[in-house]
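All remarks here apply to the structure that follows.
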Amino acid sequence: MEGLLITFEGPDGAGKTTQVYLVDEYLREKGYNTLVTREPGGTSISEEIRNILLNSVHSEMDALTEMYLYAAARAQHVKQVIKPALREGKIVLCDRFVDSSIAYQGFGRGLGMDVVETVNQYALQGTEPDLTLLFKMDIEKALNRGRARSGCLDRLEREKLEFHRRVYRGFCVLQEKYPWRIKEIDASKSLDDVFKQVLKQIEYLIYCKK
Ligand code: T5A
């Protein structure tokens, strides 16, 4: 089987990372060759960019700078990790990807979808997710889940609720634009229930690609 890129998207704290690792364990037990990675991050350069982006010290960061830094981290990640893994036939499970840039920088920061998509075309080098799982739930509840876990907030999590509302709307617009790729997950449910929804989509994708 050729490699597959599966991305996990949604508001902060919706439970994406938890599911990435559950899916990884499940697929490995079934004998699939998987790779877990994340954005921003996934390479040493991209992880350094992540530290700049999420550090709450940088409260003065301009929206354009932010967009380019996410895209720069992505360009390195795609070239160094994602493309090679896909060539090797791996199932790549990526915690956030380009849709986050469109939602957060395009809608949240107000840079617009077109600008963010255009800049990211260069970073993506033709790479597109085969499936995107969009974790949807009340954003305040999701943010509280994240807060309860870590206690401290990163630069993006510190943004006002209105920012997170715009981001969420961005994800909804993307879902409408790419319904064949973006599948909704009701993230408000229990861990087991969310896992079942996620597996249903992934197993269907694998079945279709066989
Ligand atoms: N960003 C990212 C951009 O602005 N542009 C971009 O291009 C990209 C790629 C990244 C930040 O950068 C922004 C988005 C982000 O703000 P991050 O830390 O990677 O920062 O952000 P998140 O992906 O949001 O990571 P979180 O860890 O905060 O959220 P998750 O992964 O959605 O949630 P998770 O799995 O860690 O779970 C949170 C808590 O909830 C519990 C877990 O046990 C955990 O305690 N939980 C549940 N509780 C009840 N029911 C369930 N079903 C649960 N599932 C998990």
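Only one of (1) of a type in the set (G, A, S); (2) under 21 Å from V23 (Cβ atoms); (3) part of a helix (DSSP H, G or I); (4) more than 9 Å from the ligand (Cβ to nearest atom) is not met by G89, so which one is it? Of everything listed in (1) of a type in the set (G, A, S); (2) under 21 Å from V23 (Cβ atoms); (3) part of a helix (DSSP H, G or I); (4) more than 9 Å from the ligand (Cβ to nearest atom), G89 misses just condition (3). Does the stretch 178-191 contain at least one residue that is of a type in the set (S, T, N, Q) and within 10 Å of the ligand (Cβ to nearest atom)? There is at least one residue in the stretch 178-191 that is of a type in the set (S, T, N, Q) and within 10 Å of the ligand (Cβ to nearest atom). Just one of the listed residues (E128, E88) is surrounded by fewer than 22 Cβ atoms within 10 Å (Cβ to Cβ) and either over 30 Å from L191 (Cβ atoms) or in contact with a helix residue (DSSP H, G or I) (Cβ under 7 Å, 6 or more places away or on another chain) (or both), and it is E88. Residue count for the stretch 1-31, restricted to those that are assigned to a loop (DSSP other than H, G, I, E, B) and either among the β-branched types (V, I, T) or within 15 Å of K90 (Cα to Cα) (or both): 5. Going through (1) within 11 Å of the ligand (Cβ to nearest atom); (2) under 18 Å from the mean Cα position of the chain (by Cα); (3) under 28 Å from S56 (Cα atoms) one by one, N144 falls short only on (2). Restricting attention to the stretch 92-110, the residues that are outside any loop (DSSP other than H, G, I, E, B) and either more than 11 Å from the ligand (Cβ to nearest atom) or at pLDDT below 95 (or both) add up to 2. Taking the criterion of being in a loop (DSSP other than H, G, I, E, B) and surrounded by 15 or more Cβ atoms within 10 Å (Cβ to Cβ), would at least one residue in the stretch 158-167 satisfy it? Yes, there is a match, as at least one residue in the stretch 158-167 is in a loop (DSSP other than H, G, I, E, B) and surrounded by 15 or more Cβ atoms within 10 Å (Cβ to Cβ).
Assessment of the stretch 32-44 against the conditions (in a helix (DSSP H, G or I), over 13 Å from the mean Cα position of the chain (by Cα) and surrounded by fewer than 17 Cβ atoms within 10 Å (Cβ to Cβ)) yields at least one matching residue. Among the residues that make up the stretch 168-178, is at least one of them within 24 Å of R50 (Cα to Cα), within 18 Å of the chain's Cα centre (by Cα), small (G, A, S) and modelled with pLDDT of 95 or more? Checking the stretch 168-178: at least one residue is within 24 Å of R50 (Cα to Cα), within 18 Å of the chain's Cα centre (by Cα), small (G, A, S) and modelled with pLDDT of 95 or more. Selection of the stretch 1-14 for residues being surrounded by 23 or more Cβ atoms within 10 Å (Cβ to Cβ) and within 11 Å of the ligand (Cβ to nearest atom) yields T7, F8, E9, G10, P11, G13, A14.
Scan the stretch 79-97 for residues that are among the β-branched types (V, I, T) and touching a Leu at 6+ places or on another chain (Cβ under 6 Å) and the total you get is 2.
Identify, from the list M137, M113, the residue that is surrounded by 20 or more Cβ atoms within 10 Å (Cβ to Cβ) and within 14 Å of the ligand (Cβ to nearest atom).
M137
For the stretch 192-210, filtered to residues that are of a type outside the set (D, E) and within 15 Å of the ligand (Cβ to nearest atom), the residue that is surrounded by the fewest Cβ atoms within 10 Å (Cβ to Cβ) is K196.
The values are calculated or read from the model by the stated rules, or taken from the named source; none is laboratory data. On a predicted model such as this, the values are computed, not experimentally measured, just so you know. FYI the Cβ positions are ideal-geometry reconstructions off the backbone, even for glycines, and counts take in every protein chain you see.
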